[in-house]
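Asks: Structure provided below as structure tokens; questions to follow.
The values are calculated or read from the model by the stated rules, or taken from the named source; none is laboratory data. Here the structure is a predicted model, which means the values were calculated and not measured. Please note: Cβ atoms are built from the backbone with ideal geometry, for glycine as well, and neighbour counts cover all protein chains shown.
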Amino acid sequence: MRRLLLTAAAATTAALTLTACGTTEPAADDAKKTTERITLTDASGATVELDGPAKKVVGTEWNVVESLVSLGVDPVGVADVKGYKTWDTAVPLKNEPKDIGTRGEPSTDTVAALAPDLIVATTDLPPAAVKQLRKIAPVLELRAADATDPIGRMTENLDLIAKATGTTEKSAELKKQFQAKLDEGSKALAAAGLAGAKYAFADGYVVSNQVSVRPFTGGSLIGAVNEKLGLKNAWTVKGDPAYGLAATDVEGLTKLGDVHFAYVGNDGDAASTPFTGVLAEDKVWTSLPFVKKGNVHRLPDGIWMFGGPESMSTYVDSVVAALTK
């Protein structure tokens, strides 16, 4: 970013000139331009250099897009805009960005036409695609997820984006607000006698009339937030090393026992809500202890389970409201 600086000597000279001439017009030659360069190292180890805080930014993944919006940067290009608007209403887009294609295969031609200052991608994007994008503009590649420290990964990614866009103060504010939300939620659950309560979060899909359930283990971002709230993750299955996600079926739910079970579905995607859909008449599902007791909680649509501090704060509010009602 370029800004005008007036040296002390020039300021003094200008003041004397203005006094003598009786004019209030500034001297144009008294200003000089400087450049604030930004140098970052991304998840791939690549050095990313920017002439200044990026303003025209493209996001290839929804968690990246959410972070940009939260930081006050309206992305000029977003992968699968319709999908983002469906699944992440907790942090809605404030502009109408160009749809650059799918999250797994963005259109390089579309991105190039936007002439962005910066492209923010994640390690979920194929290396070949990242290589092509680097020919268009600087690419800040972020590690998509890390099951060893999900919350730390979320905040570190937020900080990197903030440094690239000159919004570090906003990043600090978001992290502070998120921590306050965790503290507030933990106290509310403890006051309701739910500290240490067994809790299982999952999402589910119907594919070819078969129900697949995806457990969010302690290595998932949701799972890490649950633990910060004082809830005990009831899943015993092992999640993947990045997202902390596992796979099971309806029979696998019988291993949970007497728990609170929660999920996020979406009315815009009927296949994503099997728990109130095809399973409603399933004998295994209806025989589960938490189903019989009414401890199945559908949380509000639009909470992106892999999002940033604002999505997770909305999740905290939703969990507390569901378990304490």
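Asks: Going by what's in this entry, would residue 199 be described as more than 23 Å from residue 72 (Cα to Cα), modelled with pLDDT under 95 and touching a Lys or Arg at 6+ places or on another chain (Cβ under 8 Å)?
Replies: no
Asks: Going through the range 52-71 one residue at a time, which ones are farther than 15 Å from residue 120 by Cα and out of contact with any Asp or Glu (no Cβ under 8 Å at 6 or more places or on another chain)?
Replies: none
Asks: Run down 176, 181 and say which single residue is within 18 Å of the chain's Cα centre (by Cα), without any contact (Cβ under 8 Å) to a residue 12 or more places away in the chain and either closer than 18 Å to residue 56 by Cα or not in a loop (DSSP other than H, G, I, E, B) (or both).
Replies: Unique residue meeting the criteria: 176.
Asks: Among (1) at pLDDT 95 or above; (2) within 25 Å of residue 123 (Cβ to Cβ); (3) surrounded by fewer than 20 Cβ atoms within 10 Å (Cβ to Cβ); (4) not hydrophobic (A, V, I, L, M, F, W, C), which single condition is residue 223 missing?
Replies: Here residue 223 clears every test but (3).
Asks: If you don't mind, another one. For residues that are over 13 Å from residue 311 (Cβ atoms) and buried (at least 19 other Cβ atoms within 10 Å of the Cβ), tally how many sit in the range 82-100.
Replies: 2
Asks: Can you confirm whether the range 281-298 contains a residue that is among the aromatic types (Phe, Trp, Tyr) and more than 27 Å from residue 144 (Cβ to Cβ)?
Replies: Yes, that holds for at least one residue.
Asks: Also, quick follow-up: When you scan the range 154-171, do you find a residue that is touching a helix residue (DSSP H, G or I) at 6+ places or on another chain (Cβ under 8 Å), surrounded by fewer than 21 Cβ atoms within 10 Å (Cβ to Cβ) and without any contact (Cβ under 8 Å) to a residue 24 or more places away in the chain, even just one?
Replies: yes
Asks: Okay, moving on. Restricting the first residue to the range 264-289 and requiring it to be modelled with pLDDT of 95 or more, which pairs with a second residue that is in a helix (DSSP H, G or I) and among the charged types (D, E, K, R) meet a Cβ separation below 7 Å and a spacing of at least six or different chains?
Replies: 284/251
Asks: When the range 272-300 is examined, which residues are found to be surrounded by 18 or more Cβ atoms within 10 Å (Cβ to Cβ) and part of a loop (DSSP other than H, G, I, E, B)?
Replies: 273, 288, 295
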